[in-house]
Every structure is written in structure tokens, then in C-alpha cells.
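S.K.: Have a look at the structure that comes next, please.
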Amino acid sequence: LDGFKAVNDDYGHLAGDSALVAASTRLRSLLRATDSLGRVGGDEFVAVIEEVESVRECMTVAHKLAEALQAPVSAGGRPVDLSASIGVAAFPEHGHTVSLLLDRADAAMYRAKQNGDGRVRLAD
């Protein structure tokens, strides 16, 4: 999540926790029952999208997730603006192990952040 540190700094950690729950609920609502969403720490989430036809389909889902966070979320009753910079890695194109896929997605996410908040980038 982009801009999350400011939520904690400006409104406190309880409001930050509320924003995390609101963001994760919104993201989860876009995924299928067979997909997984987990918070891996701080303001980072991982979505595992299985049984897709192509990397293009993964990118479509990632863009939908990013778009979902363009509207403000609730942080302890206050609307706050967040966005999501998303890195995408696909099996087997970008790796054959969970660790390698996570590393590649993480690197792509940091490239997305460098290009501005709310971007989606595919792993190299």
C-alpha cells in the first residue's frame, strides 16, 4: 500500500489497522474463492491467483486490485487515500519456486513504486 505510513503517523496505529482491514476487505472482494490474499508485513500483501490462462490475465487482475484502492478507505471512521503499487510474477515464466516468485514480484513492486504510486509492473 502506498501512503500507509502517513495514516499511522497522522491518525495513529488503530486507525492504520482499520485502514488495513478496509483495504484487505476491498481487495479480497475482487478475488475468487480459490485465490488467496495475505498480509506479509506492514503494508504489504500477497495475492496468489491460481488457474489463469495467461500472464495477461494476471495483469488484468492486478490492475483491478490497484483500481480498487483508488477510492478512499476508512481509517477509524476517517476517509484516507491510499493506493497500491503492485508487482506481478507468474509461474513458470518468472520462477519455479515460491521464494523466487516472491522475490521477482517484490522487485517489480519496487519498480512500480519508483514510477509513481498506483502502478502495476510485471517481473523481468
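S.K.: Does residue 61 satisfy the criteria of being under 19 Å from residue 3 (Cβ atoms), assigned to a helix (DSSP H, G or I) and β-branched (Val, Ile, Thr)?
M.R.: No, not satisfied.
S.K.: Okay, next question. Being within 21 Å of residue 120 (Cβ to Cβ), among the aromatic types (Phe, Trp, Tyr) and either touching a residue at least 12 places away in the same chain (Cβ under 8 Å) or not in a loop (DSSP other than H, G, I, E, B) (or both) is the requirement here; does residue 91 meet it?
M.R.: no
S.K.: For segment 37-48, what are the residues that are in contact (Cβ under 8 Å) with a residue 24 or more places away in the chain, at negative phi and either among the hydrophobic types (A, V, I, L, M, F, W, C) or in contact with a Lys or Arg (Cβ under 9 Å, 6 or more places away or on another chain) (or both)?
M.R.: 43, 45, 46 - these are the residues of segment 37-48 that are in contact (Cβ under 8 Å) with a residue 24 or more places away in the chain, at negative phi and either among the hydrophobic types (A, V, I, L, M, F, W, C) or in contact with a Lys or Arg (Cβ under 9 Å, 6 or more places away or on another chain) (or both).
S.K.: Continuing with this model, one more query. Taking the criterion of being among the hydroxyl-bearing types (Ser, Thr, Tyr), at pLDDT 95 or above and within 18 Å of residue 64 (Cα to Cα), would at least one residue in segment 80-102 satisfy it? Break it down into steps so the answer makes sense when it comes.
M.R.: From segment 80-102, those among the hydroxyl-bearing types (Ser, Thr, Tyr) are 83, 85, 97, 99; that's our starting set.
Imposing the further condition that a residue be at pLDDT 95 or above reduces the set to 85, 97, 99.
Filter once more, keeping what is within 18 Å of residue 64 (Cα to Cα): 85.
Within segment 80-102 (the criterion being among the hydroxyl-bearing types (Ser, Thr, Tyr), at pLDDT 95 or above and within 18 Å of residue 64 (Cα to Cα)), the answer is yes, since at least one residue qualifies.
S.K.: Let me ask something else. Could you say whether any residue in segment 25-36 is in contact (Cβ under 8 Å) with a residue 40 or more places away in the chain, open to solvent by 40 Å² or more (accessible area, probe 1.4 Å), among the hydrophobic types (A, V, I, L, M, F, W, C) and at negative phi?
M.R.: Looking for residues that are in contact (Cβ under 8 Å) with a residue 40 or more places away in the chain, open to solvent by 40 Å² or more (accessible area, probe 1.4 Å), among the hydrophobic types (A, V, I, L, M, F, W, C) and at negative phi, one finds none in segment 25-36, hence no.
S.K.: Find the residue count for segment 61-92, including only residues that are surrounded by 14 or more Cβ atoms within 10 Å (Cβ to Cβ) and not hydrophobic (A, V, I, L, M, F, W, C).
M.R.: Residues meeting the conditions: 9.
S.K.: Considering every residue within segment 49-58, establish whether at least one is within 17 Å of the chain's Cα centre (by Cα), within 25 Å of residue 79 (Cβ to Cβ) and either open to solvent by 50 Å² or more (accessible area, probe 1.4 Å) or touching a residue at least 12 places away in the same chain (Cβ under 8 Å) (or both).
M.R.: no
The values are calculated or read from the model by the stated rules, or taken from the named source; none is laboratory data. In this text the structure is predicted, and so the values were computed from the model without any measurement. Virtual Cβ from ideal backbone geometry, glycine too; neighbours counted across all protein chains shown. Remember, those area values only see protein heavy atoms, side chains included, never the ligands or the DNA or RNA. Shrake-Rupley method; radii C 1.70, N 1.55, O 1.52, S 1.80 Å.
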